[in-house]
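Structure record follows, encoded as structure tokens.
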Amino acid sequence: MTTFSQSPKIQKGAIMVIDPQNPQSSSIVFQYNPDTMTRSLKAQTSGTESANHTEPMRLKGAPIETISLSVEIDAADQLEGGPGIASEMGIYPQLSALEMLIYPPSSVVIANADLVAAGTIELVPPEAPMTLFMWGANRILPVRLTDFSIAEEAYDVNLNPLRAKVTLNLRVLSYNDLPRDNPGYNFFLAHQVAKEAMAKIGMIGSASAVVASAPAPSASGSVSFSVSGSFKVG
């Protein structure tokens, strides 16, 4: 007998790392999707002035967007499955994967130390791989992890963390921040095009709601409105 669930499969959020030096991209899939996510957008206006007037409505680029969310990581599910990585190391590997997003590779650190010892004056800081924040099909954004905090809440006998809450703070990278040949440039541009399509759907829906709620005209063809309430000025 065939059985099936009526519940839709929930997509999981993730952070994907695209490293040109490593063809095999790695991804950090959220074990549990956070219940809330805080997004902040700051408009970038030109602020230019002409001789007689200002132009406050001119935009010089996409808004500066930051994202903050808390992700829970728990080894309970893995521990129930029997011996494995979680039973030996807890969630330390998952935490390490997140932390390495803001570490330069140790190989580069060693190579730069050798260059300094050899008398090299100027060193170019290593470039971090492209990081994408994935939250459903409509939001795939290039981001930079600016900072995060980790609250470890339980440990095994070897002091490996078993449960933690990680608060991530992300800065979205737009076409203002990236060169044209960077893959993130096109990722953000595609995100904006999709957002524009969503905005048109929203405006059509709002217009339909306004039409549906408008008062019907009277027999004479006029429309009357009634406003109640008190207003105080000054």
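A few points about this structure:
- If only residues of region 1-37 that are of a type in the set (S, T, Y) and surrounded by 11 or more Cβ atoms within 10 Å (Cβ to Cβ) are counted, the one that is modelled with the lowest pLDDT is S25.
- Region 162-186, residues that are farther than 18 Å from P93 by Cβ and outside any loop (DSSP other than H, G, I, E, B): T167, N169, L170, R171, V172, P183, G184, Y185, N186
Listed here are the residues, each with its yes/no results for (1) in contact (Cβ under 8 Å) with a residue 12 or more places away in the chain; (2) of a type in the set (D, E); (3) touching a strand residue (DSSP E or B) at 6+ places or on another chain (Cβ under 9 Å).
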| position | (1), (2), (3) |
| --- | --- |
| Y155 | yes, no, yes |
| N160 | yes, no, no |
| N169 | yes, no, yes |
| Y175 | yes, no, no |
| P179 | no, no, no |
| N186 | no, no, no |
| L189 | yes, no, no |
| Q192 | yes, no, no |
| E196 | no, yes, no |
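- Among residues that are at pLDDT below 90, surrounded by 12 or more Cβ atoms within 10 Å (Cβ to Cβ) and β-branched (V, I, T), V210 is not included.
- Cβ pairs under 6 Å, 6+ apart, first in region 56-83 and touching a residue at least 12 places away in the same chain (Cβ under 8 Å), second assigned to a strand (DSSP E or B) and of a type in the set (K, R): P63/K42; I64/K42; T66/R171; I67/R39; S70/K165; E72/K165; D74/R163
- Yes/no for D156 being of a type in the set (D, E, K, R) and within 16 Å of the chain's Cα centre (by Cα): no
- Checked against the criterion of being under 23 Å from N33 (Cα atoms), out of contact with any Gly (no Cβ under 9 Å at 6 or more places or on another chain) and of a type in the set (A, V, I, L, M, F, W, C), region 127-142 contains one or more residues that satisfy it.
The values are calculated or read from the model by the stated rules, or taken from the named source; none is laboratory data. These numbers come from a predicted model, not from an experiment. Because the Cβ atoms are built from the backbone with ideal geometry, glycine has one as well, and the counts that use them run over all protein chains shown.
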